[in-house]
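Chemist: Starting off with a structure, shown below.
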Amino acid sequence: MEEFSLQDPSQLLEAALDFASYPGVQNDALVKNFLDRFPLPVIISFTKSLNQGMQIHAHITKLGFLDDITVHYNLINFYSKCHTLGYARNVFDEITEPELLSWSALISGYAQNGLGMEGLYAFQKMHSSGVKCNEFALPSVLKACSNTKDLKLGKQIHGIVVSTGFQFNVFVLNTLFVMYAKCGEFLDSRKLFDEIPERNVVSWNALFSSYVQNDRCIEAISLFQEMIVSGFTPNEFSLSSILNACTGAGDYGQGRIIHAYLIRLGYESDSFSANALVDMYAKLGDLEAAMAIFEEIEQPDIISWNSIISGCVLQGYHDWALGLLVEMKMSGTNPNMFTLSSILKSCAEMGMKELGMQIHSDLIKRDIGSDFFVGVGLIEVYSKCDLIEDARKVFDTLPERDVIAWNVMISGYSQSGDDNEAISLFFKMQEEGHSFNRTTLSSVLKSTASSQAIDVSKQVHALIVKTVFQSDNYVVNSLIDSYGKCGFLVDATRVFEEYPFRDVVLYTSMISAYAQYGQGEQALKLALQMLDMGLKLDGFACSCLLSACSNLSAYEQGKQIHVHILKLGFTFDIFAGNALVNMYAKCGSIEDAYRAFSEIPKRGIVSWSAMIGGLAQHGYGKEALNMFDQMLNDGVSPNHITLVSVLCACNHAGLVPEARRYFESMEVLFGIKPMQEHYACMIDLLGRAGLLNEALELVNKMPFEADASVWGALLGASRIHGNLELGKFAAEKLYVLEPEKSGTHTLLANIYAAAGKWENVSEVRRLMKDSKVKKEPGMSWMEVKDQVHTFVVGDRNHPRTEEIYAKLDELSDLLNKAGYVPMVDTDLHDVEHSEKEKLLYQHSEKLAVAFGLIVTPAGAPIRVKKNLRVCIDCHTALKFISKIFSREIIVRDVNRFHHFRNGSCSCGDYW
């Protein structure tokens, strides 16, 4: 027989096939000699060719050599390695009386292929047939116990190990302590490891691996250090395993040390080690190092490609991931399901629905069964690309749905605004008996918050209390957020106060809830409490506090938050930047708002809208429109909020032609259909300009029923222009829509009073009394030295009341000398003329300004916030006061800002 070398596997395989099929080969001894020299697993190990292996199997069967025990063993072992356990079982079943070697091969095959239950069943049959285990069969059985986490049977096997005397065999002991570790019994595992008489590097590797697979990565790193101290030299498998531990533990520094070991020991070119390095660096954020190592790999395998691609996806470099996919295909390596699941994440984040659909289509064409992770990836792509129905179809076709699949689908509904469906799916998940986790609860609570579904929030809260999640910071934070956004601040506060471990996120959620529902003072108090605990504000917390300052018009406190932002390095935080613009604009300093806007590095639509809205509220209509044009030139498309601000800018400046142009072209130019807010702005603008018929015509043309803001705009316009009939008509609509609001009655009474119809004024008052509608009292606020001072008409509760009223008397004399005449006709009280003058002098904004003149330095601006529209008498008086005292007085009323300077107002008396 010709001699063949194992260095030439293709020649050897060809020779084996030729020899086995040669018609003249009938000499048993010659065939056996060939098979002994070149056993089937040796030949197949070079090619892993199932088809060629099956050809040799067929020839062996034809030649009648299947009675040989070694041949049986080799065939079972071969089919196991080719992951065709059915064929392996067929070979085994043909054996009349299976001996230990065949049983061992079969059990080992099951264990290696993750079929632990089948392996254990085979072991029980072997044991019941009287065949006893040896040191080669026991490790396979123990591995099957590890796969199934069958600790009870594992302990029984441990008993067999002891009774058969193999408790000192290093191979048996290695698999025995691994079994205990994988079943969670780490103390027993370590005890057995310590009992090994002669440990070797394989023992240490087995220990590392079992700890890493059970997410005890920090302990695995500690064990590696113990191994080094013990004098053992790690091999490439030790180092690969510990690199995985460094990845799991997030220990970049230790990973670098292991990398140095690899280089020093000459294992840097080992494929397992290189792949582990790429994975470690990529997952721990050093993509540059990961890419450098990847590029040094001569022939990257599928694991190499997957490691670098998934690392890019994890770090948010989705364009890199897609580029690597192209390179991977060009290199001849086909992506597997793991690759595709990573790529689908990139498609989802980049909104590349076409590529996601292409991958989906390709899977269907190739008739590939639905891989779970790819299925979840497709759901995520379709959800984030606004194809929620397609996402649901993929979800419904998944053969098995675990908590990850449910979470992605629920989150998809939540993110797409379909909150009711998200909540419904959560309840369906419960009905089907699926377990949930922190992500599930947070997603459904986000939907209950958005949809104001307080009853569902409370049901979810009950579930949380019954489970371990009541101590989960992430879930508790979502619960507080949900209660807060539903307006149930008492419940939110109770959850917050009952939770012992408060961090920045938890405080921020509570601060956000207070700020959102007008309890700005509570939000600021909570921030001080947070700082006293040594916690630092983050960018979002600063944004929430700035929102609270905006609502309070707390300019000084807003400036202090700005200082915190500068100190903490959040200058370039876009949320904080936008909140600063909004805060300064709402606190009356449009100059500061513009400076904050100028410092935002990357302005999005929120930044532009805040600045345009601020300019509009301050009466800088033309400047707001110029900024809108600048925004368009910068390539930023407006949203419906921006266009509301643009129309408000026109409204406050009386720019009727410009408003008509923007309103009529918004759908054509920007693809945005006018909504209620746009119509209300336009109707208010036309009404203020005296174009009442055109305003009413626009109401009739609206494609939906007019809401309270529209009729309120018409009622306000009727008051300005004294149109009694239109005022009555608008008021009747408002009585139906907002019967509890006192503003409607007040405006209608003002219209009657202006027309001299005092009987009708009395009738409106009787209607208010009969309907139990209480007039909202006028209130004004002013901030001095971090304290907010509140004033109501005729207020005498302030600690400095005597000084304030003395200042009012002084103002009265100075105003009279300057030519001011109280507009008593605007007061609807049925009292004497002198009493009306007194009541006018005691309006809340005049009290606030008098207090401001007392407590603020000469020349400093006085900032006041009012809950109602500033009345015409106060507006006139404040113009005089600004000139008499050479002060800027900034009043923010319910409609806009008024900057009183040197006897005039920024609104041009148009408000």
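Chemist: When ligands, DNA and RNA are left out and all protein chains stay put, how many square angstrom of accessible area per residue does the stretch 622-762 have with a 1.4 Å probe?
Modeler: For the stretch 622-762, the solvent-accessible area averages 47 Å² per residue.
Chemist: Counting Lys and Arg as +1 and Asp and Glu as -1, what is the net charge of the other residues whose Cβ lies under 15 Å from the Cβ of residue 611?
Modeler: Charge balance near residue 611 sits at -1.
Chemist: Next question, about the same structure. Please work out the FRET efficiency for the pair residue 124 and residue 334, using the Cβ-Cβ distance as r and a Förster radius of 41 Å; give the result to the nearest 0.05.
Modeler: For residue 124 and residue 334, the calculated efficiency is 0.50.
Chemist: About its Cα centre, what dipole magnitude does the stretch 791-905 give when the only charges are +1 on Lys and Arg Cβ and -1 on Asp and Glu Cβ, stated in debye to the nearest 20?
Modeler: Its charge dipole is roughly 720 debye.
Chemist: To the nearest 0.05, how large is the calculated FRET efficiency for residue 296 and residue 536 if R₀ is 56 Å and r is the Cβ-Cβ distance?
Modeler: With R0 = 56 Å, the Cβ-Cβ based efficiency is 0.85.
Chemist: Summarise the accessible area of the chain (1.4 Å probe, protein heavy atoms) by the percent that is carbon and sulfur. List each step's numbers first, then the result.
Modeler: On the way: 22910 of 43660 Å².
For the chain, the apolar C and S fraction of the accessible surface comes to 52 percent.
Chemist: Still on this structure, I have one more. Tell me the per residue accessible area of the stretch 58-207 using a 1.4 Å probe; a whole number in Å² is fine.
Modeler: Per-residue accessible area for the stretch 58-207 comes out at 47 Å².
Chemist: Between residue 816 and residue 759, what FRET efficiency comes out of the Förster formula 1/(1 + (r/R0)^6) with R0 = 35 Å and r the beta carbon distance, rounded to 0.05?
Modeler: Taking R0 as 35 Å, the efficiency between residue 759 and residue 816 is 0.60.
Chemist: For the residue pair residue 602 and residue 149, what label-to-label distance in nm results when each label sits 7 Å from Cα along the Cα-to-beta-carbon direction?
Modeler: 4.2 nm
Chemist: Oh, and also: Can you work out ³J(HN,Hα) from phi for every residue in the stretch 772-778, in order, using Karplus 6.51 cos²θ - 1.76 cosθ + 1.60 and θ = phi - 60°, giving whole Hz and x for Gly and Pro?
Modeler: With coefficients 6.51, -1.76 and 1.60, one gets 6, 8, 9, 5, 5, x, x Hz.
Chemist: Tell me, what is the percent relative contact order of the stretch 234-340, built from C-alpha pairs under 8 Å that lie six or more residues apart?
Modeler: Taking the mean separation of contacting Cα pairs over the length of the stretch 234-340, I get 21 percent.
Chemist: Let me ask something else. Calculated from the structure, Rg and Dmax of the Cα atoms in Å equals which of (1) 39.5, 135; (2) 29.4, 92; (3) 32.9, 97?
Modeler: (1)
Chemist: To the nearest 20 Debye, how big is the dipole of the chain about its Cα centre, given +1 on the beta carbon of each Lys and Arg and -1 on that of each Asp and Glu?
Modeler: 2700 debye
Chemist: Test of understanding: extend the Cα→C-beta vector of residue 458 to 7 Å, then name every residue of the stretch 497-529 with backbone N under 16 Å from that spot.
Modeler: Of the residues in the stretch 497-529, none has backbone N under 16 Å from the label point off residue 458.
Chemist: Expected output is a single nm value to one decimal: the length gained when fully extending between residue 403 and residue 437, i.e. 0.36 nm times separation in residues minus the C-alpha distance. What is it?
Modeler: Gain on stretching residue 403 to residue 437: 11.5 nm.
Chemist: Please report the antiparallel percentage of DSSP beta bridges with both residues in the stretch 791-905, rounded to the nearest 5.
Modeler: Values: 6 of 10 bridges.
Rounded to the nearest five, the antiparallel share is 60 percent.
Chemist: Using 20 Å as the cut-off for backbone N distance, which residues of the stretch 212-249 belong to the label zone defined by a point 7 Å from the Cα of residue 373 along Cα→Cβ?
Modeler: From the stretch 212-249, the list is 212-217, 240-249.
Chemist: Before I look further, what does the stretch 791-905 give for accessible area per residue, probe 1.4 Å, in whole square angstrom?
Modeler: Numbers: 5210 Å² over 115 residues.
With the other protein chains kept in place, the stretch 791-905 gives 45 Å² per residue.
Chemist: Among the lysines, which fall within straight-line cross-link reach of residue 701, defined as a Cα-Cα distance under 29 Å, with same-chain neighbours fewer than 8 residues apart omitted?
Modeler: Within the straight-line cut-off, residue 701 pairs with 622, 673, 728, 733, 741.
Chemist: With a point put 7 Å past each Cα toward its Cβ, work out how far residue 667 is from residue 797 in nm, to one decimal.
Modeler: Each label point lies 7 Å from its Cα, and together they span 5.1 nm.
Chemist: In sequence order, what are the phi-derived ³J(HN,Hα) couplings for the stretch 870-880 according to the Karplus relation 6.51 cos²θ - 1.76 cosθ + 1.60 with θ = phi - 60°, rounded to whole Hz, with x for glycine and proline?
Modeler: Per-residue couplings from phi come out as 5, 6, 5, 5, 5, 4, 5, 4, 5, 4, 5 Hz.
The values are calculated or read from the model by the stated rules, or taken from the named source; none is laboratory data. Predicted model, so just to flag it, every value in this text is computed and none were measured. Using ideal geometry, Cβ is built from the backbone for each residue, glycine included, and neighbour counts are taken over all protein chains shown. Quick note on the areas: whole protein, heavy atoms, side chains included, nothing else; ligands and nucleic acids left out. Shrake-Rupley method; radii C 1.70, N 1.55, O 1.52, S 1.80 Å.
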